[in-house]
Number of protein chains: 2
Amino acid sequence: MARYKQVIAVRNDLKMGKGKLAVQVAHAAVTSAEKARLSHREWFKEWWDESQAKICVKVKDDAELRELKKRVEEEGIPNALIEDAGLTQLEPGTTTCLGIGPLPAELADRFTGHLKLL
Amino acid sequence: MARYKQVIAVRNDLKMGKGKLAVQVAHAAVTSAEKARLSHREWFKEWWDESQAKICVKVKDDAELRELKKRVEEEGIPNALIEDAGLTQLEPGTTTCLGIGPLPAELADRFTGHLKLL
């Protein structure tokens with residue numbers, strides 16, 4: 001098992017095509033990783049040198065996504081909430097997903113261990 | 001239109017669930033972005049400060065993916081070929097996607113402008 005991982009929580013109530021979904025998850029992964037690189041260099045480095053583990057999990061809606069963001073933010077964990085520009089498929093400003101970490105896997109599980117894989 | 005973008009080319013001949021696909025694309029996006037940050041700082045910075053545009057396009061199989069990698073590599077463009085660890089769904093070492101750039105959009109289009117969106 002990876003000792004460090006990045007978790008991307010995705011809203012399960014939106015209808016996104018698979019390409020759209022993949023781009024949203026990629027936005028979350030890149031932005032959250034860059035934040036971690038700058039603010040939690042050790043977490044980033046361990047994760048980078050290990051396997052750069054990433055998992056996608058589901059949340060049910062915008063409210064659950066924002067609540068999750070609030071919880072990790074309060075703990076000072078690097079994260080990135082992604083809002084869609086709304087050019088296609090979604091209304092402008094619609095939240096789509098939240099990137100969390102990379103961070104120690106055990107710490108991640110405290111916040112997201114109960115969520116199902118996408 | 002974004003002046004800089006990152007393109008992720010995805011094999012269209014694999015059967016990947018949407019979560020699996022999103023993680024593979026995220027691997028490509030993060031790794032290629034980090035390579036660009038180190039080797040093409042100006043491209044990375046312009047893209048980062050703009051909109052971090054990303055698009056997913058399709059290639060038909062492993063051969064087309066590797067051919068595309070060869071072409072961008074020859075031009076010195078930062079890129080990341082992703083192979084799956086094979087723990088689920090795919091055989092170990094299966095290529096899944098290729099992250100290209102960020103790079104100037106016009107340059108990207110020379111290599112991937114003919115490919116359809118995922």
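In this structure residue B:4 has an accessible area near 30 Å², from a 1.4 Å probe over the protein heavy atoms.
Accessible area per residue for the range A:4-112 is 44 Å², calculated with a 1.4 Å probe on protein heavy atoms, without ligands, DNA or RNA.
DSSP loop trypsin sites (Lys or Arg not before Pro) in the range A:50-118 with at most 11 other Cβ atoms within 10 Å of their Cβ, which ones? Here the sparse-neighbourhood loop sites are A:60, A:116. Relative to the other identical copies, residue B:58 shows label-point distances of 2.4 nm, where the label point lies 7 Å from Cα along the Cβ direction and values run shortest first.
Cα centroid separation, the range A:1-61 to the range B:47-118: 19 Å.
Across the copies of the chain, residue A:114 has label points (7 Å from Cα along Cα→Cβ) spaced 5.3 nm apart, shortest distance listed first.
Spin-label pair residue B:87-residue B:46: with each label point 7 Å from Cα along the Cα-Cβ axis, the two points sit 3.9 nm from one another. Across peptide A:25-37, the mean count of Cβ atoms from other chains lying within 10 Å of each residue's own Cβ comes to 6.
Pairing chains A and B buries close to 1900 square angstrom of accessible surface in total, based on protein heavy atoms and a 1.4 angstrom probe. Annotation note: GluC sites (Glu not before Pro) in the range A:20-115 located in DSSP loop regions with a Cβ neighbour count of at most 14 within 10 Å are A:50, A:75. With the cut-off at 19 Å, report for chain A the share of all Cα pairs above it, as a whole percent. Across chain A, Cα pairs with separations above 19 Å total 40 percent. Between this copy and the others, label points of residue B:18 are 1.1 nm apart in ascending order, each placed 7 angstrom from Cα in the Cβ direction.
Only Lys, Arg, Asp and Glu carry charge here, each on its Cβ (+1 for the first two, -1 for the last two); on that basis chain A has a dipole of about 280 debye about its Cα centre. In the range B:39-84, burial by the other protein chains removes 10 Å² or more of accessible area from B:44, B:48, B:52, B:54, B:56, compared with the chain on its own (1.4 Å probe, ligands and nucleic acids ignored). Let me know the mean shielding of A:90-101 by other chains, meaning the per-residue number of their Cβ atoms within 10 Å of its Cβ. Taking all residues of A:90-101 together, the mean is 0.
Does the protein assembly as shown come out rounded, prolate or oblate by the C-alpha gyration tensor, with a ≥ b ≥ c the root eigenvalues, rounded set by a/c under 1.5 and, if not, prolate when a/b is larger than b/c and oblate if not? Cα axes put the protein assembly as shown in the rounded bin.
The values are calculated or read from the model by the stated rules, or taken from the named source; none is laboratory data. Just so it is clear, the structure is predicted and the values come from calculations on it, not from any experiment. Cβ coordinates were reconstructed from backbone atoms using ideal geometry, including for glycine residues, and neighbour counts include every protein chain displayed. The area values use the complete protein model at the heavy-atom level, side chains included, leaving out ligands, DNA and RNA. Shrake-Rupley method; radii C 1.70, N 1.55, O 1.52, S 1.80 Å.
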